[in-house]
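The values are calculated or read from the model by the stated rules, or taken from the named source; none is laboratory data. This structure is a prediction, so every number in the text was calculated from the model and none was measured. Every residue, glycine among them, receives a Cβ derived from its backbone with ideal geometry; neighbour counts consider all protein chains shown.
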Amino acid sequence: MACSTNALWAGETTWFCCGAAWGPCGSAGGGACGNCRSSAYHGAWPNASQACWDITRPDLCGEGGIARRGCGSVMNVRHQCSGATVCISIADCGPRTKSFCGEALCCGGTCRTNRVLDLTPAAFSAIGSLSSGMLPVVITE
Amino acid sequence: MSGTADAGKQPGHSSRFGRRGFLTSAAVGGATIVGASALGALDADAAFAAPSRSLDPAVTQTTFVEGRIGAIRGSMLHVAGSLGETHRIQVTNATSLWKVRTTTLDAVEVGDGLYARGVEMPDGSIAADAVWVNIVNLYTTIQGIQKDRLHLAHHNRELVAHTVPETAASYAGSALTPDLSRLRIGQPAQVLGAWRPADDSIDVVRVTVGH
């Protein structure tokens, strides 16, 4: 299944590690879907399941309309500022939106608020620098 | 706000393609390169900061490598991937290297972990555009606060996080500040830093907490 251009959401993305890994990431495991790998173009979605939603609670930050998209769902993620894109599949639940309500990243006069997506290092580094930690993105499917 | 400097990058088509071509020629011709900065800022964002085609997720647009460094021979990093594969990563003068801060190959050691992206060469090596050494970005809970370190819980493990000159905090979306006095025990915290393989602790570059 290929990525497409139908609007899904916009916000901030962070990055996380999963699967076989070095350092503190060694304890991360394969994520909620069991197949998450840092070296793959994978992502974590805050509404991957009801149990996932109960943990992430983006609605507490005003992001209540995020659609359910389960393991294997495909999304296109575009860096709002540079336009760089990466096509990912959902392999985990996250990020913990509720713990960081109100964050915003702005560029070109447009701000994106709240972390609504987590990307693996492979996916995040395809559109930005890992050392930035967070990027404003537009998500389509 | 965390990451605003990065977020402000503007597209640079000519520098992007010039850089990728430059990386390729640099790797083929050897790692001694003069005048690399003439292509513009040698930061990790510049290289891929332009629209690219959207493909099936199984199709890789750039080459990405993760693993631990088993040997350093000249400017070539020999890496053992976490899934058992091996990689050779060519570092050139055009490669953006990060280890706690932007750095040079001298700071990289055998045993370090890394993530790298770049261009695959005909011989199978990777001409690196960017290499992030020991970088971690962890969702944690603050369990203790000392002058020179934080004690964190990560996946039910205790993790010691040392402060460094670059350490900064962001509170509830505010701008980064070196003031860590508003951190509180029990707070969830996103910590970006660098792993120390010698003792399994980390150096903290940025700690982000919510309300």
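Residue count for the stretch A:23-38, restricted to those that are surrounded by 23 or more Cβ atoms within 10 Å (Cβ to Cβ) and at pLDDT 95 or above: 2. Filtering the stretch B:171-211 to residues that are facing chain A (nearest Cβ under 8 Å), of a type outside the set (A, V, I, L, M) and either assigned to a strand (DSSP E or B) or closer than 19 Å to B:E109 by Cα (or both) leaves B:P188, B:Q190, B:W195, B:P197, B:D200, B:R206, B:T208.
Each residue in the stretch B:172-197 was checked for being out of contact with any strand residue (DSSP E or B) (no Cβ under 8 Å at 6 or more places or on another chain) and in contact (Cβ under 8 Å) with a residue 60 or more places away in the chain, and 2 pass.
Selection of the stretch A:7-46 for residues being within 11 Å of the chain's Cα centre (by Cα) and of a type in the set (D, E, K, R) yields only A:E12. Within the stretch B:186-211, the set of residues being of a type in the set (D, E, K, R), over 18 Å from B:A175 (Cα atoms) and under 19 Å from the mean Cα position of the chain (by Cα) comprises B:R196, B:D200, B:D203. I need a count of the residues in the stretch A:81-93 that are facing chain B (nearest Cβ under 8 Å) and surrounded by 21 or more Cβ atoms within 10 Å (Cβ to Cβ). Residues in the stretch A:81-93 being facing chain B (nearest Cβ under 8 Å) and surrounded by 21 or more Cβ atoms within 10 Å (Cβ to Cβ): 8 in total. When B:V119 is tested against (1) under 19 Å from the mean Cα position of the chain (by Cα); (2) outside the structural domain of B:M76 (by TED's automatic domain parsing), only condition (2) is not met. So which of B:T163, B:T140 is farther than 25 Å from B:R117 by Cα and surrounded by 22 or more Cβ atoms within 10 Å (Cβ to Cβ)? Matching residue, one of B:T163, B:T140: B:T140. For the stretch A:5-56, the set of residues classified as within 10 Å of another protein chain (Cβ to nearest Cβ), assigned to a loop (DSSP other than H, G, I, E, B) and in contact (Cβ under 8 Å) with a residue 40 or more places away in the chain consists of A:T5, A:F16, A:C17, A:R37, A:S38, A:S39, A:A40, A:Y41, listed by residue number.
Scoring A:M134 on the criteria (1) buried (at least 21 other Cβ atoms within 10 Å of the Cβ); (2) without any contact (Cβ under 8 Å) to a residue 60 or more places away in the chain leaves a single failure, condition (2). Under the condition of being closer than 24 Å to B:I69 by Cα and of a type in the set (F, W, Y), the residues counted in the stretch B:164-201 number 1. Here A:A2 fulfils each of the conditions (1) in a loop (DSSP other than H, G, I, E, B); (2) without any contact (Cβ under 8 Å) to a residue 60 or more places away in the chain apart from (2). Return yes when A:R68 is of a type in the set (K, R) and either away from chain B (no Cβ under 14 Å) or in contact with a His (Cβ under 7 Å, 6 or more places away or on another chain) (or both) and no when it is not. It is true that A:R68 is of a type in the set (K, R) and either away from chain B (no Cβ under 14 Å) or in contact with a His (Cβ under 7 Å, 6 or more places away or on another chain) (or both).
Restricting B:T167, B:T163, B:T208, B:T140 to those that are in contact with a Phe, Trp or Tyr (Cβ under 8 Å, 6 or more places away or on another chain), closer than 26 Å to A:L135 by Cα and of a type outside the set (A, V, I, L, M) reduces the list to B:T208.
Quick check: anything in the stretch A:106-121 within 7 Å of chain B (Cβ to nearest Cβ) and in contact with a Phe, Trp or Tyr (Cβ under 8 Å, 6 or more places away or on another chain)? Yes: one or more hits.
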